[in-house]
Every structure is written in C-alpha cells, then in structure tokens.
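Read the structure below first, then the notes.
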Amino acid sequence: MNLDEFRALTPWSFFLPIALAVAVGVLVANGLGAVLFGGSDVDEPTADATEAAAADENGKAPAAVEAGSVQATATAKQPAPAKPLPTLEPVSLPGPSGARRDGEVRACIGGTVAVRAENGWEQEVVNDAPARCIASSS
C-alpha cells in the first residue's frame, strides 16, 4: 500500500465493515443458540395456565381457578418465614482521628465499625455483614 492509497482511507471505511461484521456475528450466534439449545421459553405454558387447564378439566369454575392460582402463586413466591434477623441500630462512634487521639479501640470509618488492630484497623462483622455506625467526629 503506497502513501496515496493510505490517504484515501477514511474512518468510515473501517467502522462500517466492522459494525456489519459484529451485527452479522450476533445474529449467527443467536440463531445457533436457538437451534442448539432449544429456542426461547415464550412458547412454553406457564404454571398458571397449566393449573387453569387442569382445573377446567376437573369441573371447577373459572373464578375458582383464578382464586386458586393466585393463592398458589402467592404462597409459591414467598419463602417460609425464618426467625427474624435482629435489627442493629447504628452506634455513634468517633471517627478514626478522634479515636486515635483519645485512645479508643473502636471507630467509625466509612459508615462501618472498625476495631483497632496491630497495624491499623479491621472491620467489625456481625452476622456476615459489616456493623454500621455513625461518626460523631472526624
């Protein structure tokens, strides 16, 4: 390629073929995915439609079917209640510089409780989550 041919190239001469290649690649990948992995889930009947068809066969009225499916859906979506988690109110602690100045063991850094360690601060964890706090000084 000589210098005159290089000057004739524009940014569009690169962008358009690459954009076309990407678009065709995405379409081919989606088509292969549909063929190999079974297509979309849109054509499958939902659980409510299956329950309604079974209820119609059993002789229930459509209103009863709706009430039953709504109740079944509501109970299916809600997990069994576990023991309630304790709610921890954020404690008020001094900030890192105030805690260092006063010799405190705990400080509020970034909205979480930090405990003094050998070489700095470690985050305090309660129930696998950082303990929350409110800084009373900076």
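Taken together, the values in this text are just the output of simple stated rules run on the coordinates, not laboratory data. Since the model is a prediction, treat every value here as computed from it, not as a measurement. Quick reminder, even Gly has a Cβ in these numbers, built from the backbone with ideal geometry, and neighbours come from all protein chains shown.
What FRET efficiency, computed as 1/(1 + (r/R0)^6) with R0 = 41 Å and r the Cβ-Cβ distance, is obtained for L27 and E122, rounded to the nearest 0.05?
On the way: r = 52 Å, r/R0 = 1.27.
Efficiency, rounded to the nearest 0.05: 0.20.
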Problem set entry | FRET efficiency for V35 and F15, using Cβ-Cβ distance with R0 set to 35 Å, rounded to 0.05 | 0.70
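If packing is taken as the mean number of other Cβ atoms within 10 Å per residue, what is the order of 104-115, 23-34, highest first?
Result, highest mean first: 104-115, 23-34.
Multiply the residue gap between S136 and T112 by 0.36 nm, knock off their C-alpha separation, and tell me the result in nm, one decimal place. The partial results should precede the final answer.
Working: separation 24, 0.36 × 24 = 8.64 nm, distance 1.26 nm.
Answer, rounded to one decimal: 7.4 nm.
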